[in-house]
Each structure stands twice: as structure tokens, then as C-alpha cells.
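Heads up: the structure comes next, in C-alpha cells.
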2 protein chains.
Amino acid sequence: MHSLPALGEIFDSKLKAYKLPEEPANLYDPLRYILSIGGKRIRPKLVLAAYNLYKEDVENAFEAAMVVEFFHNFSLLHDDIMDDADMRRGKPSVHIKYDINAAILSGDVMLIYAYKFLEKYVDHTQLLYSLTTKTSIEVCEGQRYDMDYETRDIVTIDEYIRMIELKTSVLIGGALKMGSIIGDANANDQAHLYEFGRNIGIAFQIQDDLLDTFGTESLVGKKIGGDIRQKKKTYLYLKSLELLSQSQADRLRQLYAVGGGPISEEQVSEITSLFNAAHVDVHCDELKLVYQQLAFSHLDAVSVDSEKKSVLRTFAEDLLGRDS
Amino acid sequence: MHSLPALGEIFDSKLKAYKLPEEPANLYDPLRYILSIGGKRIRPKLVLAAYNLYKEDVENAFEAAMVVEFFHNFSLLHDDIMDDADMRRGKPSVHIKYDINAAILSGDVMLIYAYKFLEKYVDHTQLLYSLTTKTSIEVCEGQRYDMDYETRDIVTIDEYIRMIELKTSVLIGGALKMGSIIGDANANDQAHLYEFGRNIGIAFQIQDDLLDTFGTESLVGKKIGGDIRQKKKTYLYLKSLELLSQSQADRLRQLYAVGGGPISEEQVSEITSLFNAAHVDVHCDELKLVYQQLAFSHLDAVSVDSEKKSVLRTFAEDLLGRDS
């Protein structure tokens, strides 16, 4: 049984030894670049951890971890173009360091390589391919809803939760399920691990939204208030509309109006005050706890010794207890 | 045994009945659009034709034909962004009709859907997935080389042939191989059909390059001289450099220089005259014939009655005998 940091080391060392083709350099260099600038490798570690619930030879799950890491990085390459995000992990995004065409085409081949890594697992071919395809389609749908909601004045809380589920959570669930499939887990365990990941993912995103407004810049590692400046209709915004008085809610809606131009720093403060007036942080914590408890109930139902499951429990507690 | 037009009708009617998800509309509408504006459906018809060499129930190969058609259209969505091509099949390209972000994300989901259509064929899962992945990677590599060669002054004929093989021909070969795999063809037949398609694809591209300069506008359906205006280092250009006198070749090189600015209509005429002086059309026809004969030798080696193979022979003759 390996700890999550130990699994991370195994993944990193095997990733370092893995060689993509040299040519065409302009196709594969962007992949080498995005992989080299790191990231927390949460998803590949979860693949290994789920596999490790059932089997000890975690190296055997490396290619499955690569499926998820390559897919995740493909989505970053393309999302950063769509979201006009110039920086990624403190470095220039691929479309800035290279160009947009390189980010498109290298993203494409990175997605296809995710499928290529599945070829190793001849005993579980159909399950793994269909899981990868289903998850990939959902992530695209989530990104589409996220973009659509930027240009819509009215979004419901249900729509928002469904969007973050698609954009973020299904890949966390998918990573865990993938590891368990290769580990020969039964279908029940596969489903519970998927639900554990999916719910942790939603709880994580709610926390992430909260920290984006109320976190400490040095701990969060990015400028506070980014979601507000982008007028992102997060749970904070949507729930505040429910909780505030009519006139306060009208004011908040007005500040977020799609046609209303950019938000000034004064308005960021005003919006933060409105969120505070609604005590929306309490409601965020409550909703986060609902998903967190749901997640743990699924982890409890996985038919593996508690001691083995402690790796995943600790992972979730670290992720959701964080103030950064 | 169905003729190619009959197979086209079967494909079109099943495609018309096929329903993509309604929502998110901004994700799936671009797919409906690109599929609705037609195209010759060469690749899906080849999947059905190859299957039909072995089996009569061609409807069973519909989803495999969709794999190839969806992959081809995904590549068009992304290539049209990269190549800055505003029109496709006489209509606005997806990134013009919608926007670049839609063309990126809807292209992504179209590629993933190509994989989704493979899920039907549970008896040939591994072969089909690995063929799809290998072919997809090669097409991306071909597109990358094509872009790279635009900014390089020196490209060899071998490099050019390899580029068109990757960008165009492997998908023709892959379509035929896919149909034959599902038709339970033996490995030898699969390989010969792949090689038939790959060589036909190269011959077709050489002809296409020739027609781009020497074709008749009304028959070719696009403005003559497009490759020259884009300074595309086609076989015409590369072979002319070999055939012309030193001073003529130097002049041609100078006209195509990467840093040399756009080409005027006078220069288009001058370049066409240089191609004529080199008699490069004769050399194009010769090289086309080499690949064409190679292709037919592979078709001859397929262990199926000649009569059945006549559909593919007629297809190739029509494609390569064309003056449009």
C-alpha cells in the first residue's frame, strides 16, 4: 500500500522516463512543455490509488494514469485558448509560448494519445474505452455550458452544479473508476469509487469558488476576486441572489449584467460586501459538506479494508480541509 | 453487392436519421451544420464498400462509416481554423458561422464521437481502436508537417510525399481497412485494402495538385492557382526545381521565398510558365501512375472475386481519371 505522495513519485519518475516522438517537433514539443511545468497530478495519482486498493504492482496502472493526465492536459490546452488564459501554472500557456494553431493541433494529438495509452489493457478494453469516451464527452459539454453561462443573465443553481459536475467532477470520478477497473474491482466498487470522486469533485469546486473570493492570496496562489471580475455565475453569486433582499439582489444582478461592461475594483468590493451580507460562505460550507458526506458514504461502501481506503480518505480531507 | 452511389444513399439516409444530443445546442449545432453541408462522403462510402466485399448487410457497417466521417469532419473544423479558410464546401466554415471557440470545442467532441461509434463492434474492439488511434495521430502529424513546410524554404520530394501520405492517404487506407475488419476479412486482405487506399490517396493528391494549377476552374470548382498563391511546396514546385535550368530554378525559388511577401497575379503566370517549361505535368502523371499501379496491384491481391472488387476499381478509376 502506497501513500499518495509515494504514488506521485512513482508517476513522476515513470513520466520522466516516457518518451514522446521527437518529430514533428512542433507537434510534440508543446506536449513536453505542458507536462514539464507540472501541476499537482491529482488525477493520475487517483488512478494509481484506486488500483492500489486491489493490486500492489502500481506500475501496471501507469498507462491508465497517463490516459487521465493526457486528457486533462489536452483540455487545458484548448480551454486556455477559449478562456483567453495567458498563464498556466505560473508559466505562459501553450498558445502564448507557441501559437494558437500549435495549441489546437497539439491538444488534438494529446487527446488521441490518451486513447493510445488504453491499448495496454487488453483485458478490460471495452469498459475502459467507453468510460474514457463518456467522460470526455461530458467534460466538453461542461466547458460548453460554462462558456454559455457567461453570456446568459439567468442561470439556476441546478444548472451551475450540473456544469461543474461535467467540467470537473466526472474526470475525478473517472480516474478512480479507471484504476479500479484495471485492479479487477467488482462493478459495485467501481460505481462507489466513481461516486466518491464525483462528489468530492463537486465539493472541491464549491470550496474553490469560495476561496476565489474569500481566500488568502498567498495561500490560494492567484489573485483574489478573479471569478467576480469575470462575472462568473458561481454558487456564491447564485445563492446570494436567493438570500439577499429584493433591492440588494437587484443591485447584484445589475452588477453582473452581461451587457454591463467590465467590473471595477470598487465594484469587486461592493459585490464581496453583498456576498458577506448574504452570509453565503456559511451556505457554501453547508453545500460542500453535503457533497463531502455523500462522497464518504460511497467510500465507506467500497468492499476493501478501511486501512487501505485511508489513502483516499486522507486525500479528500486534505483537499477539502485546505485554505489554499 | 452495392454500387458506390447506392452505398452513398444508404449512408446518407442513415445519417439523416441519426440524432445527436439536442443540448448543449452550442456544442452540437456546429456538428449538425458541418454534416448538413455535405461533401462527397468518399471515406464513409469506402468503409461500406470494403465491408460489402465480405458481407451483404452493409447497414451493420454504418457506425464504422460514421467513425471515419466524424473524424474527417473534426479535422476539417480544426484545419479550417489553422489554415484560416473561411469557406468549406461553398459555405462559411464553422469558425466563421459560429466562432473559433465553437469550432475548437465542437471539433473536440466530434473527434470523441468518432471513438464512440466504435463501441458497437465488440468483436473487433482492439483492432478497430488501435487503427483509429494510429490513423488519427498520423493525420495530426501530416497537418503539422504541412504547416511547418509553409515556413521552410527547403523541402524534399520525399518529405512532401510523406506529408500528403499522412495528411490524406492514411485515412483513405484506414477507411478501407476498417470496413474489412468488421467484415471479418483475413489480415492479408486488411493489409492489401489499406495499401490500396493509401496509394490511391497519394495518387489522388498528386492529381489534385496538378489540377490546382492546370485544371479548368468550372470543373475543379475552385479558383485555379490557389496553391501557387499560398506558395505551397507541392510536387509541381519541388519537381520543377529539379528539372529547370539553374537560373530558372533560382528564379522559382526566389518567387517562393518564405520572407518574400505575397505573390502577384503576374507572378502566378510566371510560375505557371516555369512549371510548363519544366514539363512537370508529364512527371506528375508519371508519378501518379506509379502509385495508381501500386494501388491496383494491392487490390488484385485481395482474396475476393474480381466482380465484387469492381466497385473499388471503378471508384479509383473515376477518382483518378477525373479532370475536375
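Values quoted throughout were computed directly from the atomic coordinates according to the rules given, and no laboratory measurement underlies them. The structure displayed is predicted, hence computed values, not measured ones. We place every Cβ from the backbone using ideal geometry, glycine too, and count neighbours over all the protein chains shown.
Odds and ends about this structure:
- Inter-copy label distances at residue A:257, shortest first and taken from points set 7 Å along Cα to Cβ: 5.7 nm.
- Shape of region B:199-285, Cα gyration tensor, a/c cut at 1.5: oblate
- Stretching residue A:307 away from residue A:290 to a fully extended chain increases their span by 3.7 nm, per 0.36 nm per residue minus the current alpha-carbon distance.
- Here the translational diffusion coefficient of region A:1-53 follows from Stokes-Einstein with Rh set to the Kirkwood radius across Cα pairs; for 37 °C and 0.692 mPa s it amounts to 268 µm²/s.
- Listed residues B:160, B:66, B:13: farthest to the positive end of the dipole of chain B (Cβ charges): B:13
- Take the Cα of residue A:56, step 7 Å toward its Cβ, do the same at residue B:127, and the gap between the two points is 3.9 nm.
- Whole-angstrom Cα spans of region A:156-238 along principal axes, big to small: 46, 31, 14
- Computed across chain A, the Kirkwood radius stands at 20.7 Å (inverse of mean 1/r, all Cα pairs).
- Gain on full extension, evaluated as 0.36 nm per residue between residue B:314 and residue B:162 minus their Cα-Cα distance, stands at 52.1 nm.
- For region A:92-104, 3J(HN,Hα) per residue [Karplus equation, 6.51 cos²θ - 1.76 cosθ + 1.60, θ = phi - 60°, Hz, x = Gly/Pro]: x, 4, 4, 6, 8, 5, 9, 7, 4, 4, 5, 5, 5
- Counting only Cβ charges, +1 for Lys and Arg and -1 for Asp and Glu, the dipole size of region A:1-120 around its Cα centre is about 360 debye.
- Within-14-Å neighbourhood charge of residue B:184 [Cβ basis; K, R +1; D, E -1]: -2
- Packing here is the average count of other Cβ atoms within 10 Å per residue, and on that basis the peptides B:260-271, B:191-202, A:223-234, highest first, run B:191-202, A:223-234, B:260-271.
- Average silhouette area of region B:23-134, convex hull of alpha-carbon atoms, in square nanometres: 7.5 nm²
- In degrees, nearest ten, helix A:125-150 long axis to first principal axis of chain A (Cα): 20 degrees
- Around residue A:8: net Lys/Arg minus Asp/Glu count, Cβ-Cβ under 10 Å: +1
- Cα Rg, Dmax, region B:180-324, angstrom units: 18.6, 57
- Value at 222 nm in deg cm²/dmol, rounded to 500, when DSSP H runs of n ≥ 4 in chain B each add -39,500 (n - 2.57): -23000 deg cm²/dmol
- Whichever aspartates and glutamates have a C-alpha closer than 20 Å to that of residue B:120, once near sequence neighbours (fewer than 8 apart) are set aside: A:119, A:123, A:138, B:12, B:56, B:57, B:59, B:63, B:69, B:184
- Taking the convex hull of Cα positions in region A:221-271, its mean projected area over all directions (nm²): 3.7 nm²
- Charge dipole (debye, nearest 20) of the protein assembly as shown; +1 at Cβ of Lys and Arg, -1 at Cβ of Asp and Glu: 80 debye
- Peptide A:139-151 has a mean of 5 when you count, residue by residue, the C-beta atoms of other protein chains within 10 Å of its C-beta.
- Computed over region A:269-318, the percent of Cα pairs more than 13 Å apart is 66.
- Unit Cα scatterers, Debye sum, region A:70-109: log10 I(q)/I(0) for q = 0.35 Å⁻¹: -1.29
- Spacing of the two label points (7 Å from each Cα toward its C-beta) at residue A:100 and residue A:218, in nm: 3.9 nm
- Cα long-axis angle, helix A:62-82 against chain A (0 to 90 degrees, to the nearest 10): 30 degrees
- Neighbouring Cβ atoms from other chains, within 10 Å of the Cβ of residues in B:99-106, number 5 on average.
- For residue A:91, the lysines whose Cα falls under 16 Å of its own Cα, not counting residues fewer than eight places away in the same chain, are A:40, A:222, A:223.
- With label points defined 7 Å past Cα in the direction of Cβ, position residue B:157 shows copy-to-copy spacings of 7.2 nm, given to one decimal and shortest first.
- Taking the axis that rotates chain B onto chain A, the chain B residue nearest to it by Cβ, with the distance rounded to whole Å, is B:125, 2.
- Rounded to the nearest 10 degrees, the angle from helix B:42-52 to the longest Cα principal axis of chain B is 40 degrees.
- Between the C-alpha center of region A:114-174 and that of region B:11-69 there is a gap of 24 Å.
- Size of electric dipole in region B:213-324: Cβ of Lys, Arg +1 and of Asp, Glu -1, about Cα centre, debye, nearest 20: 420 debye
- For the protein assembly as shown, Kirkwood radius (reciprocal of mean inverse C-alpha pair distance, Å): 27.0 Å
- Exceedance of the 23 Å cut-off in Cα-Cα distance is limited, within the set A:19/B:134; B:45/B:97; A:134/B:134, to B:45/B:97.
- With the simple model of a label 7 Å out from the Cα in the direction of the Cβ, residue B:9 to residue B:270 spans 5.4 nm.
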